[in-house]
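The values are calculated or read from the model by the stated rules, or taken from the named source; none is laboratory data. The shown structure was predicted, so the numbers you read here are calculated from the model rather than taken from an experiment. Neighbour counts run over all protein chains shown; Cβ positions are idealised from the backbone, glycine included. When the accessible area is computed, the model is the full protein with side chains, heavy atoms only, and any ligands, DNA or RNA have been set aside. Shrake-Rupley method; radii C 1.70, N 1.55, O 1.52, S 1.80 Å.
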Amino acid sequence: MTDAPAQLEGAPPAAAALVAIVGRPNVGKSSLFNALLGRRSAIVAEESGTTRDRVIAPAEFEGRRFLLADTGGLVPQPESDVQAHIGAQADAAIESADAVILVTDARSGPAYADEHVAQRLRQAGKPVVVAVNKADNPAQELSAFEAASLGLGDPVPVSALHRRGLGELMDALIARAPMDGAPGDLPPDAPRIAIVGRPNVGKSALANAVLGQERSVVSAAAGTTRDALDTPFEFEGAPAVLIDTAGIRRRGAVQPGVEKFSVMRAASAIHRCDVALVVLDAQQPATDQDLHIAGQAADAFKSVLIVVNKWDLIEKDDPRREERRFVYGARARMRFLPGVPVAFVSALDGSGVPAMLRAAFALHEKRMEWVDGARLSRVVMDAVSRHLPPSGSVKGSLKLHRVKQDGVRPPSFTFFVNNTGRVHFSYERYMANTIREEFGFDGAPLKIEFRGKGGVHVIGDNRSKAAARARRKGARARPGERR
Ligand code: GDP
Ligand code: GDP
């Protein structure tokens, strides 16, 4: 942790670069992905294996924050056609990423599939670093240099298994690709607001409505090849950034086939925002895909505002009652976001858009809030005395010594307990809900950490079942696991 002001602690990276990992099956892409994310191994995930089937995650190297994507896990696993598989990864990377790590295998030397994809990457002019993996010892490191024949500069020998060469790999990447996006001269605590949602819900229309609102677009982030466009704007005198994933399709040149990479675009937008506006279509609200997107935002600890668009198309004798009905329905399906706020808009005629933006700013303000320490202790201790903790995996009673807030953006709390093994899942949720209700953190995922004997235990109180299920479903069948 640096000594940046506390308010900025959890600030999302301003226009963080998206780095895509591509390569043949079995060269070690997902091992490298995990090795590069590595340092958080102290974190005990609630569901074991959650990090394994993740394909996009925020990473950090020497203070530079970026997003890492394992495109091998993003594109469908081929039955036999390695060429098509790696080709689709390259498409994803060329389309959406700022820089690429092409992984090859030191043991087999560069293969035809590597040459083929290298050529495409060269043509696209993306910054690329070749990582020759499985260079577990000096002899294999030497043979790694054969990969210079790929014409993508000096290859970097690495071993994901032994965590060798990772620093060199990152240095090479930074030398080739500017890893820091242009943060602009916005105040660092200005909210970064992302518009996300499945196709056709009206994201572009909404972005236009937001930016047209005050006609004070400062400048579009110039020269960026990034998928999601970051546009600074002002609303009622307050600065903000709009992250718009829809823009890309308007810029032409994108074939229909790449629509499937919208998942990468959405993930990148979500990771870079403070507040996610999850746009639903009033005519078909809360589909599984909507839930999946909202779940991703919740899992990434973003504040969520559900935006019901195309409200103009709904017949309503009694608009208030109709709104209540929608809110009830949406919250019932998004239990992983207790009390999530809902806004009703028509992007076409602009109605509801100012109220939506006010709600988004309010969510961000909450996200930056420090609660009173004494009151926090009182509220939590009261809650404990009302409900004695059920026991967790380790026998014995749980004792809570102290609680404190240790961060914002998202609001983060640490509970000091006698033994973290005694923390039961339902108790974590109970604590989170207590804090949420008492301090009005509706729609704000809270980060809760338990410390004590048994190590550090971090949870989101908001793990969405929908997202977890979808992740499992979408998890790639590993070649070795297919049967
Ligand atoms: P992917 O299909 O490209 O994502 O490859 P995986 O990450 O699943 O790795 C494929 C196999 O290579 C696994 O059995 C890994 O344990 C192994 N592997 C990955 N990295 C290394 C490495 O640095 N050295 C060695 N010896 N094996 C590795
Ligand atoms: P995106 O794919 O999410 O970016 O969706 P678009 O912004 O391209 O909108 C999809 C379609 O919905 C277009 O035909 C829009 O004109 C229409 N649309 C968007 N917002 C509204 C709205 O508020 N009301 C109505 N009636 N139509 C809308």
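Scanning for something in the same structural domain as residue 273 (by TED's automatic domain parsing) and within 24 Å of the chain's Cα centre (by Cα), does region 431-444 turn up at least one residue?
As a first pass, look at region 431-444 and keep what is in the same structural domain as residue 273 (by TED's automatic domain parsing): none.
Scanning region 431-444, I find no residue that is in the same structural domain as residue 273 (by TED's automatic domain parsing) and within 24 Å of the chain's Cα centre (by Cα), so the answer is no.
Looking only at residues that are within 16 Å of ligand 2 (Cβ to nearest atom) and open to solvent by 20 Å² or more (accessible area, probe 1.4 Å) in region 210-236, which one is modelled with the lowest pLDDT?
213
Let's see how each residue does on (1) within 19 Å of the chain's Cα centre (by Cα); (2) within 16 Å of ligand 2 (Cβ to nearest atom); (3) at pLDDT 75 or above; (4) not assigned by TED's automatic domain parsing to the domain that holds residue 164:
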site: 11; (1), (2), (3), (4): yes, no, no, yes
site: 47; (1), (2), (3), (4): yes, no, no, no
site: 52; (1), (2), (3), (4): yes, no, no, no
site: 55; (1), (2), (3), (4): yes, no, no, no
site: 59; (1), (2), (3), (4): yes, no, yes, no
site: 73; (1), (2), (3), (4): yes, no, no, no
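Test residue 368 against the criterion of being in contact (Cβ under 8 Å) with a residue 12 or more places away in the chain, within 16 Å of ligand 2 (Cβ to nearest atom), open to solvent by less than 60 Å² (accessible area, probe 1.4 Å) and of a type outside the set (Val, Ile, Thr), and give yes or no. Give the derivation first.
Values: in contact (Cβ under 8 Å) with a residue 12 or more places away in the chain: yes; within 16 Å of ligand 2 (Cβ to nearest atom): no; open to solvent by less than 60 Å² (accessible area, probe 1.4 Å): yes; of a type outside the set (Val, Ile, Thr): yes.
When the stated conditions are applied, residue 368 does not pass them.
Does residue 410 count as open to solvent by 40 Å² or more (accessible area, probe 1.4 Å), within 23 Å of residue 298 (Cβ to Cβ) and outside any helix (DSSP H, G or I)?
Values: open to solvent by 40 Å² or more (accessible area, probe 1.4 Å): no; within 23 Å of residue 298 (Cβ to Cβ): yes; outside any helix (DSSP H, G or I): yes.
Considered against the rule, which asks whether it is open to solvent by 40 Å² or more (accessible area, probe 1.4 Å), within 23 Å of residue 298 (Cβ to Cβ) and outside any helix (DSSP H, G or I), residue 410 comes out as no.
Kindly provide the set of residues from region 196-211 that are of a type in the set (A, V, I, L, M) and either within 16 Å of ligand 1 (Cβ to nearest atom) or without any contact (Cβ under 8 Å) to a residue 60 or more places away in the chain (or both), ordered by number. Give the derivation first.
Of all residues in region 196-211, those of a type in the set (A, V, I, L, M) come to 196, 201, 205-207, 209-211.
If the condition is that a residue be of a type in the set (A, V, I, L, M) and either within 16 Å of ligand 1 (Cβ to nearest atom) or without any contact (Cβ under 8 Å) to a residue 60 or more places away in the chain (or both), then 207, 211 are the ones that fit.
Can you find even one residue in region 381-398 that is open to solvent by less than 30 Å² (accessible area, probe 1.4 Å), modelled with pLDDT of 85 or more, part of a loop (DSSP other than H, G, I, E, B) and within 19 Å of residue 446 (Cα to Cα)?
No, every residue in region 381-398 fails to be open to solvent by less than 30 Å² (accessible area, probe 1.4 Å), modelled with pLDDT of 85 or more, part of a loop (DSSP other than H, G, I, E, B) and within 19 Å of residue 446 (Cα to Cα).
Mind listing whichever residues of region 292-309 are over 12 Å from residue 445 (Cα atoms) and either surrounded by fewer than 24 Cβ atoms within 10 Å (Cβ to Cβ) or not assigned by TED's automatic domain parsing to the domain that holds residue 320 (or both)?
At the first step, the residues of region 292-309 found to be over 12 Å from residue 445 (Cα atoms) are 292-293, 306-309.
Hit for region 292-309 is 292, nothing else.
Name the residue, out of 431, 356, that is touching a residue at least 60 places away in the same chain (Cβ under 8 Å), in a helix (DSSP H, G or I) and of a type outside the set (S, T, N, Q). If you could, list the steps in order and put the result at the bottom.
Values: 431 fails: touching a residue at least 60 places away in the same chain (Cβ under 8 Å).
Going through 431, 356 in turn, the sole match is 356.
Would you mind telling me which numbered condition in (1) within 16 Å of ligand 2 (Cβ to nearest atom); (2) open to solvent by less than 10 Å² (accessible area, probe 1.4 Å) residue 446 fails?
Checking residue 446 against (1) within 16 Å of ligand 2 (Cβ to nearest atom); (2) open to solvent by less than 10 Å² (accessible area, probe 1.4 Å), the one that fails is (1).
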